[in-house]
1. Output the Cα-based Rg and Dmax of the stretch 322-368 in Å, rounding Rg to one decimal and Dmax to a whole number.
2. Rounded to the nearest 20 debye, what is the charge dipole size of the stretch 1-142 about its Cα centre when +1 sits on each Lys and Arg Cβ and -1 on each Asp and Glu Cβ?
3. Bin width 5 Å, origin at 0, all Cα-Cα pairs of the stretch 44-187: what percent of pairs per bin?
4. How big is D, in µm² s⁻¹, for the stretch 45-105 by Stokes-Einstein at 10 °C and 1.306 mPa s if Rh is the Kirkwood radius over C-alpha pairs?
5. Counting other C-beta atoms within 10 Å, and keeping those with at most 10, which DSSP coil GluC sites (Glu not before Pro) do you find in the stretch 245-316?
6. Among the trypsin sites (Lys or Arg not before Pro) in the stretch 96-193, which ones are in a DSSP loop with at most 11 other Cβ atoms within 10 Å of the Cβ? Mind listing them?
7. Give me log10 I(q)/I(0) at q = 0.28 Å⁻¹ for the stretch 1-61, Debye formula, one equal scatterer per alpha-carbon, no solvent.
8. On the principal axes of its Cα set, how long, how wide and how thick is the stretch 205-353? Give whole Å, largest value first.
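The values are calculated or read from the model by the stated rules, or taken from the named source; none is laboratory data. This one's a predicted model, so the numbers in the text were calculated from it and none came from an experiment. All Cβ positions, glycine included, derive from the backbone under ideal geometry; neighbour counts span all protein chains shown. Please note that ligands, DNA and RNA were not included when accessible areas were found on the heavy atoms of the full protein model with its side chains. Shrake-Rupley method; radii C 1.70, N 1.55, O 1.52, S 1.80 Å.
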Amino acid sequence: MKILVLNAGSSSQKSCLYEIETLPDTPPDPLWEGSIDWTHQQGTAELKVEMQGKSIEQQLSTSDRTAATEQLLKTIWSGETQVINDPSEIDLVGHRVVHGGADYQQPTLVTPEVKAAIARLAALAPAHNPANLAGIEAIEQLLGDLPQVAVFDTAFHSQMPLAAAVYPLPQEWIDRGIRRYGFHGISHQYCAQRAAQLLDRPLSELRLITCHLGNGCSLAAIRDGHSVDTTMGFTPLDGLMMGTRSGAVDPGILIHLLRQEGFSVDRLDRMLNQESGLKGVSGLSGDMRSITKAIEQGNSQAQLAFDVYLHRLRSNIGAMSASLGGVDALVFTAGVGENSAAVRAGACAAFEWLGLKLDVEKNQQRSPDDRDIAAADSTMRVLIIHTQEDWAIAQACWNLHHTDG
């Protein structure tokens, strides 16, 4: 069975093609993988394709998503990176969809009703849902009525206790669907399952805190394999300090800016989502690598940005610990979580009083492998896991197909 995965974001798109006969215990290498990046130059799309050691790069003079997607996918069945003879060999297409609201708690076959719901929920995830929907529509144009599956980032958090999901707001707001939904669920769920494998323990026995730290950041408290608390909320703007997003702030600040400073809603939206976080405090960049370099050069604003990031990460790990009543393992994943030894060390240092001990040498080592970096006598394990959202989406498609079949 051949499953194509599209993981579309606001400024990039990653795609993989998997061939699955039976589900393996560990993620297989895809037959083909490609990406599109729209960030390098306005009006251009940068395509990269990799397949069994071959790699090609190409620039297209277009900002049209469907045209760029078509050019990328054609490399699956033609040219140097061809791995199949005809697009009809693809059985299913799986999509990451960021916001599924309260209605979509499982991977779901795409129908006109599902597309309408994704479009409606774009108001709550404006940087993500429109791109997810555009990916679905691009496949419809290119590959016709091929079955497509939406895998929702919010689904993993759908069983959170009401005490964690409900905001302390008037009931009429709650009745309108204003509640904590949580995000990065595909990544949190994959990392929880992988942690159980690494620890050689049943997932149902573990209390885990998964730290997805990329440009977007969130934590999840996981008990019995289910998310019982998380840091993102009604939208992906809540919670931890992020690359360009503020995370949680006093809502009174926003009322003040609207009332006293004459800010428009659109200006607030732009500043909170695109000009805050590491970028806002440092005045430099939302990329942790750039922040780290600036700190090495003595930049005090970059140091402050790092310190605020770490303070908020620590305090939220503490909150997740309280929700679980104890922690068996702390998991770091995504770009910052997997690659920043300083962030991991800083986060863990706050919990040494609980007996958490890092192996300093293991924490500094760079490796593509999933691994345990805690000291032998640590009271909890500390894992680095390379998140594999694309494989998790392919798994979800496989499982849905075989359940329905």
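1. Every Cα atom of the stretch 322-368 included, Rg and Dmax give 11.4, 32 Å.
2. 440 debye
3. In whole percents, the pair-distance histogram is 2, 9, 15, 17, 17, 14, 10, 6, 4, 3, 2, 0.
4. Working: Rh = 13.8 Å.
Result for D is 115 µm²/s.
5. Numbers: sites: 261, 275, 296; in loops: 261, 275.
Here the GluC sites (Glu not before Pro) that fit, given the DSSP loop and packing criteria, are 261.
6. Working: sites: 96, 115, 120, 176, 179, 180; in loops: 176, 179, 180.
Answer by residue number: 176.
7. Per q value, in the given order, log10 I(q)/I(0) is -1.16.
8. The Cα atoms of the stretch 205-353 stretch 52, 37, 25 Å along the principal axes, largest first.
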